[in-house]
Amino acid sequence: MSWLAKINLHRHRAALVLAIVVGVLSVTPHLLAVRSIGSAYRDIPFMYTDDEDIYLARMQEIVDGHPSVGSAFFYEYKNDRALLPPIGEYVYVGLSRATGLVLAQTLVLAKFLFPALLFLLIYAFLRRLLTSEPPRLQTLGAIAGGLLVTLGYDLLSIQDIWSLLHGQDIGVRVSLWTRPVNPILGALLVFGYLNLLWKALEERRLWVGVLAGILLGASVFYFFSWGVLISVTAVLGAIFLAQKDWRRVKQVAIVVGTSFIVSAPYWISTFRSVGGEVGRALALRNGMFFTHAPLLNKTLLAALILFLLASAYLVRRGTSWRELTREPWWIVSASLLLGGLLALNQQIVTGREIWPYHFVQYTKPFAMIVVIVILIRAVGARWSRAVGAACGAFLLFVILQAGAAAVTHQSVLPDFKKRQADAELFDWLNRNASPDCVVLAKERVERLARLIPAFTHCNTYISSWVFSGVPEDRIAHNFFLHLRLQGVTSANVRSYLLSHPNLVRSSFFDDWKTIFMTGVDDWLLRQIDVLEPRYRVFLQQNALDQLHAYRVDYFVSDALLSSDERKAWAIKGDPIPIGGHLLYLL
């Protein structure tokens, strides 16, 4: 345990305490929501960040014996090649098995554990960058950066705080870092890698460089973490080349070389999946754009301007430019800012970008960290008390902000309590249904179709989650069957589609710009012109044949089916009432 002695836990006790504070504040919305509904809680977690049920379904797929996660929702595509490797999901499954908790409980544990760990990684990273500073400023700067990124990523506005104080609803505000898998695991990899990379560059240890390369290679499971890391590493290598620092250039080469060996299977699989016209369409549906247009980020640009001003100020104070540009804090800060801009703009050369707005999840923390470093490095030594007081006051404000955001859980309490009733249906399916069963949920707004694969070993028949290479004919079949279940007729199909534009977009989108558009536009009208006659043909076909075109075992509805509906779907037995739903056997 000699390595533990070197860490000197007593020296970092404030950081350890604050890591626990970060974890507690991150998981507080869940804890408060559970307390609020009392005995109604049935182990359905407080999931109010985007796609938590999707990630949970992918984890459940691994537990169910489908390790590649070819299709977490549809029975028919289990053996298809997965476009996105489920590396992050395996972390949660491993944590579940290590702790003995079920996946849903593991999600809650991770909402505490991972933000706390992220704080410690950022704290350690900033300690490395500020080693030349007095111990007090070094600790304060490291804590400030850790809290700013973990708790201050999305600060409430003054108007939001005013509304909260007056009991007004501002909507639920949940930490970005409590969303499962992405971006939190990507962030842990990003800052774990940056710590290891700089350690490798300072200590000349081959094993540290290889380990950093393994982390860089593993980050491909989330393109945006890999994108920023490879960009930062490229800028870092370019700086060392310009300085003719061949030892560090060699270390960077070892890291990058190791990463490509580790990630080679992913790149081979990806290139196979996105080749040809079919692959191009699949890539577009997963966020890719073909463009050479530049993309600017105000936060990065503002931080870069401050960085350049601080550099000029230090040079004017007597530090030579050559000396300045060889200081670790300057090299790393320049790499973070320029690497972030490179990640956002590499499409100028390559002509391909993947939904670049997700890069902000990491470039914004980069900017925060650089601003902290600039503040400490440029003015901290001369006005240390003023800087310390300002940082302390701001950090207290950030913690209070996080506490205020935690109480916004009240706005979704009715929905959270309603979700708990679904646990009875999930328990029944887990006890009675065969593995990989298929459930068809009749619902106006997709909810059960996303939750059933997440909380049971069953699949769903209809789902809008079609990013993983679901064939076009299956997408259309599900879409038309959904319309038929809702009672849409030949006469009102056009008006129905015009009044449900998001339903059309979520099923037939070409790219992510299409799916995020709102209202009626030329694209939507063209789609409806095609879908309207196709649906009329669909209605002329036998309903039962359509239903059994794919595997289906159960039919779930919130209302009693009419005799005509039961006849059309060949349902003979009486429904089983479970948790506010009616379950029919097919």
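Read the figures in this text as sums done on the coordinates, not as results from a lab. In this text the structure is predicted, and so the values were computed from the model without any measurement. Positions of Cβ are generated from backbone atoms using ideal geometry, with glycine treated the same way; all protein chains shown enter the neighbour counts.
Key figures
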item: The range 306-348 - convex hull of the alpha-carbon atoms, volume per residue in Å³; result: 75
item: Value of relative contact order over the chain, rounded to a whole percent, pairs C-alpha under 8 Å and six or more apart; result: 19
item: Sequence-separation-based contact order of the range 15-168, relative, with Cα cut under 8 Å and 6+ spacing, percent; result: 26
item: Highest-first arrangement of 396-407, 565-576, 476-487, where packing means the average Cβ count within 10 Å; result: 476-487, 396-407, 565-576
item: Stretchable slack from Thr99 to Asp529, in nm (0.36 nm times residue separation minus alpha-carbon distance); result: 149.5 nm
item: Charge dipole (debye, nearest 20) of the range 23-135; +1 at Cβ of Lys and Arg, -1 at Cβ of Asp and Glu; result: 420
item: With Cα atoms, 0 to 90° folded angle of helix 206-218 axis to the chain main axis; result: 30
item: For the chain, with +1 on Lys and Arg beta carbons and -1 on Asp and Glu, the positive-most of Ile372, Thr291, Ala491 along the dipole; result: Ile372
item: Cβ charges +1 (Lys, Arg) and -1 (Asp, Glu), total dipole of the range 283-417, debye; result: 300
item: Scattering curve values for the chain, log₁₀ I(q)/I(0), Debye with Cα scatterers, q = 0.07, 0.08 Å⁻¹; result: -0.49, -0.63
item: Arg431 versus Leu308: modelled label distance in nm, points set 7 Å from Cα along the beta carbon direction; result: 6.8
item: Asp43/Ser269 FRET efficiency (R0 35 Å; Cβ-Cβ; nearest 0.05); result: 0.50
item: Distance between the range 190-222 and the range 49-111 - C-alpha centres, whole angstrom; result: 26
item: Beta bridge orientation in the chain: antiparallel %, DSSP, nearest 5; result: 60
item: The chain, helix-only ellipticity at 222 nm - DSSP H runs n ≥ 4, -39,500 (n - 2.57), divided by all residues, nearest 500; result: -20000 deg cm²/dmol
item: Computed E for Gln243/Asp510 - FRET, C-beta separation, R0 41 angstrom, nearest 0.05; result: 0.35
item: Nearest 10 degrees, 0 to 90: helix 223-242 Cα axis against the chain principal axis; result: 20
item: Net charge of Cβ neighbours under 13 Å - reference Lys78; Lys, Arg +1; Asp, Glu -1; result: -2
item: On Cα atoms only, tilt of 522-539 relative to the major axis of the chain in degrees; result: 30
item: Farthest positive-ward along the chain dipole, Cα basis, beta-carbon charges - from Ile54, Pro471, Val552; result: Ile54
item: Positive-end residue of Leu31, Leu336, Leu117, charge dipole of the chain with Cβ unit charges; result: Leu336
item: Cysteines (scope the chain) whose Cβ has no counterpart Cys Cβ under 4.7 Å; result: Cys391
item: Point-charge dipole on Cβ atoms (K/R +1, D/E -1) for the chain, about Cα centre, debye to 20; result: 2360
item: Linear extension gain, Ile571 paired with Trp321, 0.36 nm per residue minus alpha-carbon span; result: 82.0 nm
item: Mean separation of Cα contacts under 8 Å, 6 or more apart, over the residue count of the range 119-233: relative contact order %; result: 21
item: Quarter of the Cα convex hull surface for the range 1-128, i.e. its orientation-mean projected area (nm²); result: 11.1
item: Distance violations [Cα-Cα > 22 Å] among Lys78/Lys513; Lys442/Lys567; Lys199/Lys298; Lys111/Lys417; result: Lys78/Lys513; Lys199/Lys298
item: Radius, Kirkwood style, for the range 414-560 when every pair of distinct Cα atoms is counted (Å); result: 16.6
item: Hydrodynamic radius of the range 112-213 per Kirkwood, over alpha carbon pairs, in Å; result: 15.6
item: Rounded, prolate or oblate (a/c below 1.5 giving rounded, otherwise prolate when a/b exceeds b/c) for the range 355-446 by Cα gyration tensor; result: prolate
